[in-house]
Amino acid sequence: MTTTDESARIAEEETDYGTPRVQSPDSATVSIDGREVTVPAGTSVLRAAAEVGIEIPKLCATDSLKAFGSCRLCLVEVEGGKGTPASCTTPCTDGMVVSTTTEQVRDLRRGVMELYLSDHPTDCDGCARGNCEMQKWARETGVAEVRYGLDGASHLDEHTDHSNPYFDYDPAACIVCSRCVRACSETQGTFALTVDGRGFDSRISAGGTDFLGSECVSCGACVQACPTDALTEKSVVQLGMPTRSVVTTCAYCGVGCSFKAEVQGSGEDTRVVRMTPWKDGGANEGHSCVKGRFAYGYAAHDDRQLEPMVRDTIDDPWRVVSWDEAIERVATGFRAIQETYGVGSIGGISSSRCTNEEVYVVQKMVRAAFGNNNVDTCARVCHSPTGYGLNHAFGTSAGTQDFKSVEQADVMLLIGANPTDAHPVFASRMKKRLRAGARIIVADPRRIDLVRSPHVEAAHHLPVRPGTNVAFVNAMAHVIVTEGLHDEEFVRSRTEGADGYLEFIARPEHSPEATEGETGIPAADLRAAARLYAAGPNSAIYYGLGVTEHSQGSTMVMGMANLAMLTGNLGREGVGVNPLRGQNNVQGSCDMGSFPHELPGYRHVSRPEVRAIYESLWGVTIQPEPGLRIPNMFDSAIGGSFLGLYVQGEDIAQSDPNTQHVEAALRSMELVVVQDLFLNETARFAHVFLPGTSFLEKDGTFTNAERRLNRVRPVMPSRVGRDEWQVVGDIATAMGYPMSYGSPAEIMDEIAATTPTFAGVSFARLDAEGSMQWPVTDAAPHGTPTMHVGEFVRGLGQLTPTVYVPTTERANRRFPLVLTTGRILSQYNVGAQTRRTPNSTWHPEDVLEIHPSDAELRGISDGDVVELSSRVGATRLTAVVSERMPAGVVYTTFHHPVTGANVVTTENSDWATNCPEYKVTAVQVAVVTEASRARAGAAPEAASTPMPAGAGVRHRR
């Protein structure tokens, strides 16, 4: 556990060399090589010199790491008897006179550089590639030869560590500058690297083992920090250095990191050499994770389908056709279905992995060309309760803060989210703030890393029983109200419904003592956590799918909003209610009108003034009644009234609950059209396959979890010949509704012209400003980092009684355990992308975590193959006996279709949005014996064999 003194020390040190180490409102005017510059007092000499265009040699200092002063290469001479200190750790004072190129300084630097070069290879590969920063400074300081050697002390004969699939560590090229160690601790917060030994025996160590076997999470911070060729991307070794770069946005989680895609060649010959996190990226500020930094190879994988294909039945082989033939097949097929079964017999599903512009044209195609509102999105399957609950409470369907706001948080309440695995770059921000003294309450049935990790320990871990979130949040609010800890002024002046809510929440049945048996949280622990959250002074709520994917997901979101309003934790930095969105454009797909009841901007289709905007522009009549959600589409398909479906970039046969029901619905349809990168599980039931584009080929925008619109720029031309927005327009046109655009910029212009929160957004402005957070309006021309300042979007915030209704999916004698699901760092969603990269090195298969007492009761040992069964299906996994889960609860991920975890999840869903209740499934777990294997016709080893990348057919365990 980090002590108070240690936290204070780390907080003081965690500044880059450009941040004042002595906080003062005063400024200092200094002279550096005769150039005067005025800077805030305490700014380092190194930073001040950079501001007037003077580059001082350095090896241990970078823009993103705290001043260290170890390399002694950045020495300068300070007049007045101050000697020759390191410029990175020397603060500017008023009147200081600094010289950076005196003969004494030059001699000292040459001596320092000779010592470094004496233990550095003369044939360094990085030097040959121009990838060695040290050689640059050797030339600058005038060192061409080394006058002496260090026989017996050199480490030039040490072997390279090739264990990591993405980068090599060559200790022979290492100068032990500690930049990698500090990047691992300060930027990433993993503390996987250390310096072993002293003097010339010093070595960088990955925890005493190789990189693959260590605690390293392969974020790439160490590689980026390394000034020599000691840590180098294997792609650079194989391909050579890049020749140009394009700034774009990661296509993985909802953090929305900005990257420079560094490439060679142009046009069809473009090759990506590496993805370097962009230091000006608003969401990531130069940091990255293993997925965004390294797992981009799927875009060039051999499994990519690059041509349209059709077939008459799902049992027929695929036939490659031209784009024109494929689009005509889609258009004539959909028209024929509508002529036979009616206008509402077809629909579309948009993707949270596609751009805003691509998603917008899909919902437009459905409403204008299909003539109905049968459009839904995978975002509803994960975060629709966020939209419903926050809109009800605050008047807008999105999080309240930007990511940077966490730096002002004193208390974090983390509910149903695992940021170190699912949102690792934001998790690093959280850990940095926690090391600086903030405290965290983790409400999760599983003991995630943020409960306890290096230099971070949760103030409270509340292992809330799956399905009881609302009882938990009500108990938190009960303590705050009955103990008088709420902000009476905020409640009185900024909310409505307070009297009814306060009476409701003060009832004895909401006390921690009354709910303890339901939630599984000791009353004393919950009371202490509630007091801590109320005390703040800045308390922020962060949550994930462990909140929304419940039968009371919407109720729970309103409960968290109640908690924030009760304590006045809204409308400023360091507070708020903040959903951590799962996929790269979950927020954007919701913003763009992908729900059957809402047009873009979350405006209900029943509102005539909203429909009039689009009817006038599109020249069609929009139906005032909501269309079908995905579950309704499936039910109607089995019932015979819904027969045609367009699916954009979504694998519903793997990601949606109750797989058998999904597959039955798809089999019932006459025309299923899938547009994707790969032949996925859903494509097994498709009649037309349209190839999609990867993020490296897209032009448009993504909207991340903090409402930030980031540009996605094409690094290379479309490998399939057409962009996805063009294909959608071609389908609509072939169906009789002309729909075409000249570019994605035109689509964004239409979005801005029709959606008030996007009124000030354009590609030109995004290119100029880097990114913007909606709303972007006349009142907020540069965006809105913090929502609800002064007043809520709806005026007064709505306090709502949140009645706890136990889920019907409860453990029983037949299924005595509860399954909950989640993600892991190296894999992403259904794994279609990450499984086609070396990320599978870390997670080649989904496993089932089970508590030792539950395992012992069933005769299960670590590594056994077990059958996981529920009332709707069964699958097989390898068991991992672990105390991370409480007794009675088991856990797995859903990244591999060979496992098909959603075979066992049920049709239960949120009462308001139909968001599936993935997080609560009553199950049984049993060892798979040789006899049961034989009865199932499975080979003994089949249960531990992962699906080969690109396989399009489910191999059941």
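Label segment 817-944 by shape, choosing from rounded, prolate and oblate, from the square roots a ≥ b ≥ c of the eigenvalues of the Cα gyration tensor; if a/c is under 1.5 it is rounded, and otherwise prolate applies when a/b is larger than b/c, oblate when it is not.
Numbers: a/c = 1.42, a/b = 1.12, b/c = 1.27.
In terms of gyration-tensor shape, rounded.
With axes computed from alpha carbons, what is the tilt in degrees of helix 469-482 against the longest principal axis of the chain, rounded to the nearest 10 within 0 to 90?
70
Checking the table LYS82/LYS404; LYS291/LYS919; LYS66/LYS260; LYS260/LYS431 against a 30 Å threshold on Cα-Cα, which pairs fail? It would help to have the intermediate numbers written out before the result.
Working: LYS82/LYS404 38 Å; LYS291/LYS919 24 Å; LYS66/LYS260 24 Å; LYS260/LYS431 25 Å.
As for pairs spanning more than 30 Å Cα to Cα, those are LYS82/LYS404.
For the chain, with the dipole built from +1 on Lys and Arg beta-carbon atoms and -1 on Asp and Glu ones, taken about the Cα centre, which of GLY649, ALA561, LEU868 lies farthest toward the positive end?
Farthest towards the positive pole: LEU868.
Would you order VAL195, VAL881 from fewest to most other beta-carbon atoms within 10 Å of each residue's own beta-carbon?
Numbers: VAL195 14, VAL881 19.
In increasing order of surrounding Cβ atoms, one gets VAL195, VAL881.
If the cut-off is a Cα-Cα distance under 14 Å, which aspartates and glutamates reach LYS279, setting aside same-chain residues fewer than 8 apart in sequence?
Partners within reach: ASP16, ASP63.
Against the globular-protein guess of 2.2 N^0.38 Å, express the Cα radius of gyration of the chain as a ratio, rounded to two decimals.
In units of the 2.2 N^0.38 Å rule of thumb, it is 0.97.
Of LEU679, LEU306, how do they rank once you tally other Cβ atoms within 10 Å and put the fewest first?
Numbers: LEU679 21, LEU306 11.
Sorted ascending by nearby Cβ count, the order is LEU306, LEU679.
Per the Kirkwood treatment, what hydrodynamic radius in Å, one decimal, follows for segment 132-237 from the mean inverse distance over all distinct Cα pairs?
On the way: mean 1/r = 0.0689 Å⁻¹.
Final number for the Kirkwood radius of segment 132-237 is 14.5 Å.
Can you tell me the 0 to 90 degree angle between the C-alpha axis of helix 553-566 and the longest principal axis of the chain, rounded to 10?
50
Explain nothing, just the number: relative contact order of segment 461-535, from Cα pairs under 8 Å at least 6 residues apart, as a whole percent. Mind showing how you got there, number by number?
Working: 75 pairs, mean separation 36.7, N = 75.
Relative CO of segment 461-535 lands at 49 percent.
For LYS58, which aspartates and glutamates qualify as cross-link partners when the Cα separation must be under 12 Å and same-chain residues fewer than eight apart are set aside?
LYS58 reaches GLU133, GLU140.
Say each of ARG607 and ASP33 gets a label point 7 Å from the Cα, pointing the same way as Cα to Cβ; how far apart are those two points in nm?
Taking the simple label geometry, ARG607 and ASP33 are separated by 5.9 nm.
5 Å is the cut-off here: which amide hydrogens, built 1.01 Å from N in the peptide plane, fall below it relative to MET772, excluding neighbours closer than 5 in sequence?
LEU709
If you take every DSSP beta bridge fully contained in the chain, what fraction is antiparallel? Give it as a percent rounded to 5. Intermediate results must be reported in sequence, preceding the final value.
Working: 63 of 109 bridges.
The antiparallel proportion sits near 60 percent.
Taking Cα atoms, how many degrees apart are the long axis of helix 724-734 and the longest axis of the chain, rounded to 10 and kept between 0 and 90?
30
When you count, for each residue, the other Cβ atoms within 10 Å and take the mean per peptide, how do 620-633, 48-61 rank with the highest first?
Working: 620-633: 18.5, 48-61: 20.1.
For the peptides 620-633, 48-61, the packing ranking is 48-61, 620-633.
For segment 236-319, which chymotrypsin sites (Phe, Trp or Tyr not before Pro) pass both filters: DSSP loop (anything but H, G, I, E, B) and at most 10 other C-beta atoms within 10 Å? Each step should come with its number before you reach the end.
Details: sites: TYR252, PHE259, TRP278, PHE294, TYR296, TYR298, TRP318; in loops: TYR252, TRP278, TYR296, TRP318.
Listed in order of number, the matching sites amount to none.
Which of the GluC sites (Glu not before Pro) found in segment 437-515 are in a DSSP loop and have at most 12 neighbouring Cβ atoms, other than their own, within 10 Å?
Values: sites: GLU457, GLU483, GLU488, GLU489, GLU496, GLU503, GLU509, GLU513; in loops: GLU483.
Within segment 437-515, the qualifying GluC sites (Glu not before Pro) (loop, at most 12 other Cβ atoms within 10 Å) are GLU483.
Each value in this text was obtained by applying a stated rule to the coordinates, not by laboratory testing. Here the structure is a predicted model, which is why all the values come from computation and not from measurement. A quick note on method: Cβ atoms are made from the backbone with ideal geometry, for glycine too, and the neighbour counts reach across all protein chains shown.
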